[in-house]
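Here the structure is laid out as structure tokens; the discussion comes afterwards.
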Amino acid sequence: MTRISENITSIRQKITAAAKKTGRDPATINLVAVSKKQPEDCIEEALAAGLRLFGENRVQEAQAHWQERRAAYPDLKLHLIGPLQTNKAKDAVALFDCIETLDREKLATALAKEMDRQGRHIPCFIQVNTGAEPQKAGVMPRDLAAFLSFCRDEKKLDITGLMAIPPVDEPPALHFALLKKLADWHGLPMLSMGMSGDFEQAVALGATHVRVGTALFGERTS
Ligand SMILES: *Cc1c(COP(=O)(O)O)cnc(C)c1O
């Protein structure tokens with residue numbers, strides 16, 4: 001076995017254990033392999049090990065990694081997990097299968113327009129700034145209801161879940177629990193939360209998507 005396939009096995013075992021401990025079905029938890037800043041051979045290894053769901057945080061880098069590979073892997077799914085500028089909405093809609101970082105009206109408008117134009121209606125998660133950090137992307141929890149209604153009712157976007165990146169200096173469990181509560185209130189089934197250091201906690205608290213980079217691939221090259 002290669003290093004990456006060993007890592008995948010170990011991560012899956014941890015996901016399964018965390019799910020079972022909290023009475024969840026492990027099959028409902030999706031491992032999003034975060035391939036940003038990873039070398040080509042690592043991506044090839046992950047594909048060879050059977051991974052088909054990948055996360056990228058920049059449109060341009062995602063195109064370089066995936067635009068040509070896509071053809072060879074019809075069951076590949078790509079999630080955008082980084083901030084999106086409206087002028088990249090066109091490329092993002094063309095490439096990704098889910099936008100996890102919808103966080104403002106201007107972006108919702110741009111995405112809806114592009115999805116209509118391309119006839120490609122992909123689901124979106126709303127990014128929530130659970131820690132209300134001024135420098136961080138995401139809607140404030142108190143603004144979520146109004147933003148959700150704007151996206152759904154006015155823009156006809158398919159909002160299926162929520163995503164959050166907890167503050168680095170706080171225990172993530174509080175933020176995972178808040179995100180879960182918000183998702184339940186609004187009847188949103190998907191929850192993207194948890195990274196290399198805390199995905200087991202996220203699974204225990206309801207994550208359906210964990211975004212794992214370094215624990216899977218090793219340290220990123222910059
Ligand atoms: C890079 C990144 C990850 C992966 O982080 P690791 O700690 O390497 O697992 C997850 N989510 C987002 C939004 C990221 O940008």
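Looking at the structure I just gave you, is VAL32 of a type in the set (A, V, I, L, M) and within 16 Å of the ligand (Cβ to nearest atom)?
On the way: of a type in the set (A, V, I, L, M): yes; within 16 Å of the ligand (Cβ to nearest atom): yes.
Considered against the rule, which asks whether it is of a type in the set (A, V, I, L, M) and within 16 Å of the ligand (Cβ to nearest atom), VAL32 comes out as yes.
Restricting to the range 156-193, give me the number of residues that are touching an Asp or Glu at 6+ places or on another chain (Cβ under 6 Å), outside any helix (DSSP H, G or I) and within 25 Å of THR28 (Cα to Cα).
Restricting attention to the range 156-193, the residues satisfying the condition of being touching an Asp or Glu at 6+ places or on another chain (Cβ under 6 Å) are 163, 167, 172, 192.
Remaining after also requiring outside any helix (DSSP H, G or I): 163, 167, 192.
Checking which are within 25 Å of THR28 (Cα to Cα) leaves us with 163, 192.
Residues flagged as touching an Asp or Glu at 6+ places or on another chain (Cβ under 6 Å), outside any helix (DSSP H, G or I) and within 25 Å of THR28 (Cα to Cα) within the range 156-193 amount to 2.
Which of the residues that make up the range 106-133 are out of contact with any Ser or Thr (no Cβ under 8 Å at 6 or more places or on another chain), within 23 Å of LYS180 (Cα to Cα), away from the ligand (no atom under 15 Å from the Cβ) and in contact (Cβ under 8 Å) with a residue 24 or more places away in the chain?
Result: ALA108, ILE122.
Go through ALA89, ALA94 for me and flag whichever is in contact (Cβ under 8 Å) with a residue 24 or more places away in the chain and closer than 28 Å to PRO141 by Cβ. Step through it out loud before you land on a result.
Working: ALA94 fails: closer than 28 Å to PRO141 by Cβ.
The match here is ALA89.
Anything in the range 191-220 that is farther than 17 Å from ALA33 by Cβ and of a type in the set (A, V, I, L, M, F, W, C)? List them, or say none. Before you say what the answer is, go through the steps one by one.
Step one: of the range 191-220, the residues farther than 17 Å from ALA33 by Cβ are 191, 201, 204-206.
If the condition is that a residue be farther than 17 Å from ALA33 by Cβ and of a type in the set (A, V, I, L, M, F, W, C), then LEU191, ALA204, LEU205 are the ones that fit.
Quick check on ALA46: is it in contact with a strand residue (DSSP E or B) (Cβ under 6 Å, 6 or more places away or on another chain), small (Gly, Ala, Ser) and assigned to a helix (DSSP H, G or I)? Lay out the reasoning, then the answer.
Numbers: in contact with a strand residue (DSSP E or B) (Cβ under 6 Å, 6 or more places away or on another chain): yes; small (Gly, Ala, Ser): yes; assigned to a helix (DSSP H, G or I): yes.
Yes: the conditions hold for ALA46.
Any idea which of PRO83, PRO74 is under 13 Å from the mean Cα position of the chain (by Cα) and farther than 15 Å from CYS151 by Cβ?
Working: PRO74 fails: under 13 Å from the mean Cα position of the chain (by Cα).
That would be PRO83, the only listed residue that is under 13 Å from the mean Cα position of the chain (by Cα) and farther than 15 Å from CYS151 by Cβ.
Could you tell me which residue of the range 170-222 is nearest to GLY82 (Cα to Cα), considering only residues that are among the charged types (D, E, K, R) and within 11 Å of the ligand (Cβ to nearest atom)?
Within the range 170-222, the first condition is being among the charged types (D, E, K, R), and the residues that meet it are 170, 180-181, 184, 198, 200, 211, 219-220.
Among the residues that remain, those that are also within 11 Å of the ligand (Cβ to nearest atom) are: 198, 211, 219-220.
On the way: ASP198: 18, ARG211: 11, GLU219: 18, ARG220: 16 Å.
Per the stated criteria, the residue is ARG211.
In the range 71-86, which residue that is free of Cβ contacts under 8 Å to residues at least 40 places away in the same chain and within 25 Å of MET195 (Cβ to Cβ) is nearest to the ligand (Cβ to nearest atom)? Explain how you work it out, then say what you get.
Step one: filter the range 71-86 for residues free of Cβ contacts under 8 Å to residues at least 40 places away in the same chain, giving 71-78, 80, 84-86.
Within this subset, residues satisfying the condition of being within 25 Å of MET195 (Cβ to Cβ) are 73, 75-78, 80, 84-85.
Numbers: TYR73: 21, ASP75: 22, LEU76: 19, LYS77: 16, LEU78: 14, LEU80: 10, LEU84: 12, GLN85: 16 Å.
Only one residue fits best here, namely LEU80.
Quick note: the coordinates plus some simple rules give every number you see, no bench work behind them. Note that the coordinates shown come from a computational prediction; the quantities given were computed from them, not determined experimentally. Glycine also receives a Cβ, built like all others from the backbone with ideal geometry; neighbour counts cover every protein chain displayed.
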